[in-house]
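Single-structure report; data block below.
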Amino acid sequence: MNKYKLFIVEDDMCIAELIMQRAQMWNLDCRIAKNFNNILGEFAEYQPHIVLLDIGLPIFNGYYWCSEIRKISKVPIIFISSASDNMNIVMAMNMGADDFIAKPFDGSVLIAKIQAMLRRVYDFSSCIPILEHKGAFLNTGDDTLLYNGNKISLSKNEYRILACLMENKGKIVSRDSLMERLWKTRQFVDENTLTVNINRLRKKLDSVGLTDFIVTKVGLGYIVG
């Protein structure tokens, strides 16, 4: 069975490593945040099932990162903080947190809460991945793209094109592959239909500043640039 993945966003490395050691004893896969200027990027790359998030962090606080994660994911978020007055707890919940644990906490209680949350929220078949490229996040749960705080809705075909390209970032995807992804067949489909869909998608990407995000490789296909 696959392990559930825990993302620990805590700048006190002693606390973070103690949490990781305890969680690994209970067969959880863990990662501790490293770049506190790019928590969203690390989140998208790791694809965790649950997040532990401190309030007092370098650069941006936990409230900020909670709201950013909520723009692209419904993953459970548990705040851990010594700032456990009612105002901070209410603020955390309003930002989209699922629970709040005050420091200092008992390690066994923390793990019990994490496991209870995982049981309540998941089966593995329902886990929704997020695709990321150059700061653009494709939410495969609601067919939207988030970039620089701007969220755009995509049609089913636009979403499928972008998902196919982002799943294969760094590789050229042929027109035939895209047409098979969109229509499950290359027969009886006018190739101009694909071109129209890509042009519409490019206009939406341009509108949020993602110029030249989809690059045409003449005679070969397309690639996310």
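The values are calculated or read from the model by the stated rules, or taken from the named source; none is laboratory data. In this text the structure is predicted, and so the values were computed from the model without any measurement. Neighbour counts are summed over all protein chains in view; Cβ atoms, including those assigned to glycine, are modelled from backbone coordinates with ideal geometry.
With the checklist (1) surrounded by fewer than 19 Cβ atoms within 10 Å (Cβ to Cβ); (2) of a type in the set (V, I, T); (3) under 12 Å from the mean Cα position of the chain (by Cα) in hand, flag the one item V121 doesn't pass.
Of (1) surrounded by fewer than 19 Cβ atoms within 10 Å (Cβ to Cβ); (2) of a type in the set (V, I, T); (3) under 12 Å from the mean Cα position of the chain (by Cα), only one is false for V121: (3).
Applying the selection to the range 118-132, what residues are closer than 18 Å to R160 by Cα and modelled with pLDDT of 60 or more?
Once the filter is applied, which keeps residues that are closer than 18 Å to R160 by Cα and modelled with pLDDT of 60 or more, the range 118-132 yields P129, I130, L131, E132.
Give the range 142-184 a look and list any residue that's exposed (fewer than 14 other Cβ atoms within 10 Å of the Cβ) and either assigned by TED's automatic domain parsing to the domain that holds W65 or under 16 Å from the mean Cα position of the chain (by Cα) (or both), or say none.
D142, N148, G149, N150
So which residues in the range 73-90 are within 25 Å of I130 (Cβ to Cβ) and surrounded by fewer than 19 Cβ atoms within 10 Å (Cβ to Cβ), if there are any at all?
Correct list: K74 only.
Residues being under 22 Å from H133 (Cα atoms) and either of a type outside the set (G, A, S) or touching a Lys or Arg at 6+ places or on another chain (Cβ under 9 Å) (or both): count how many of those fall in the range 7-49.
18
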